[in-house]
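Student: I'd like to ask some things about the structure below.
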Amino acid sequence: MIEVNITNDMIHLAENKAEEMGKLNNSILNGSGSLAGFIGEQIFMNVLGGEWKNTYDYDVILSGKRIDVKTKQTTVKPKSYYDCSVASYNTKQDCDAYAFVRVKKDLSVGWLLGIKPKDKYFKESTFMRKGEVDPSNNFTVRADCYNLRIDKLDESLWN
């Protein structure tokens, strides 16, 4: 897990991107997560580099790989047993891997949590239905999704 301070430039760029994009179809948070999502993508590139593409299927190209960056907002530094999620309606995205980021709600700091090749992610994750309570953390799932603990992610790019 790599901590990154969020700069005013990152916030400004994310605000512009969110305004350009508008509300996403199938957004779990009805578009309110777009700002954090764009900051998450910048955190990924700040740490690992890459070319920002921001398509439906992937967000960044790095070393020829198409990476979709999944970002959640948080109020605390993530613990290794917290879950990373991919919504079930996103399983058909044409990407090579998922990267996971957490962004503090006050936009002061974020964490690149790790990465997982798409095929490995779905083999190792647990499917949860909307409304189910995850017994590992008592969180009520907001949408059908696949969850995997942070400590099950790869820290290097292609393990």
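The values are calculated or read from the model by the stated rules, or taken from the named source; none is laboratory data. In this text the structure is predicted, and so the values were computed from the model without any measurement. Cβ atoms come from the backbone with ideal geometry, glycine included; neighbour counts cover every protein chain shown. Just so you know, the surface numbers come from the protein's heavy atoms only, side chains and all, with ligands and any DNA or RNA stripped out. Shrake-Rupley method; radii C 1.70, N 1.55, O 1.52, S 1.80 Å.
Student: Picking from GLU132, GLU155, GLU124, which residue would you name as being at pLDDT below 90, of a type outside the set (Ser, Thr, Tyr) and exposed (fewer than 15 other Cβ atoms within 10 Å of the Cβ)?
Tutor: Answer to the check: GLU155.
Student: Just a yes or no: is a residue in the stretch 25-45 among the small types (Gly, Ala, Ser), part of a helix (DSSP H, G or I), within 30 Å of MET128 (Cα to Cα) and modelled with pLDDT of 95 or more?
Tutor: Yes, there is a match, as at least one residue in the stretch 25-45 is among the small types (Gly, Ala, Ser), part of a helix (DSSP H, G or I), within 30 Å of MET128 (Cα to Cα) and modelled with pLDDT of 95 or more.
Student: Return yes or no: is THR7 more than 30 Å from GLY131 (Cβ to Cβ), of a type in the set (Val, Ile, Thr) and surrounded by fewer than 16 Cβ atoms within 10 Å (Cβ to Cβ)?
Tutor: Values: more than 30 Å from GLY131 (Cβ to Cβ): yes; of a type in the set (Val, Ile, Thr): yes; surrounded by fewer than 16 Cβ atoms within 10 Å (Cβ to Cβ): yes.
Against the criterion (more than 30 Å from GLY131 (Cβ to Cβ), of a type in the set (Val, Ile, Thr) and surrounded by fewer than 16 Cβ atoms within 10 Å (Cβ to Cβ)), THR7 qualifies.
Student: Out of the stretch 10-20, which residues are free of Cβ contacts under 8 Å to residues at least 60 places away in the same chain and either under 29 Å from ASP154 (Cβ atoms) or surrounded by 15 or more Cβ atoms within 10 Å (Cβ to Cβ) (or both)?
Tutor: We begin by selecting, within the stretch 10-20, every residue free of Cβ contacts under 8 Å to residues at least 60 places away in the same chain; these are 10, 12-20.
If the condition is that a residue be free of Cβ contacts under 8 Å to residues at least 60 places away in the same chain and either under 29 Å from ASP154 (Cβ atoms) or surrounded by 15 or more Cβ atoms within 10 Å (Cβ to Cβ) (or both), then MET10, LEU13, ALA14, LYS17, ALA18 are the ones that fit.
Student: Give the number of residues within the stretch 46-71 that are on the phi < 0 side of the Ramachandran plot, in a loop (DSSP other than H, G, I, E, B) and open to solvent by 50 Å² or more (accessible area, probe 1.4 Å).
Tutor: Here the count works out to 3.
Student: Hey, can you tell me all the residues within the stretch 72-98 that are surrounded by 13 or more Cβ atoms within 10 Å (Cβ to Cβ), over 22 Å from ASN138 (Cβ atoms) and out of contact with any Lys or Arg (no Cβ under 7 Å at 6 or more places or on another chain)?
Tutor: TYR89, ASN90, THR91, GLN93
Student: Mind checking which residues of the stretch 107-143 are touching a residue at least 12 places away in the same chain (Cβ under 8 Å) and among the acidic types (Asp, Glu)?
Tutor: GLU124, ASP134, listed by residue number.
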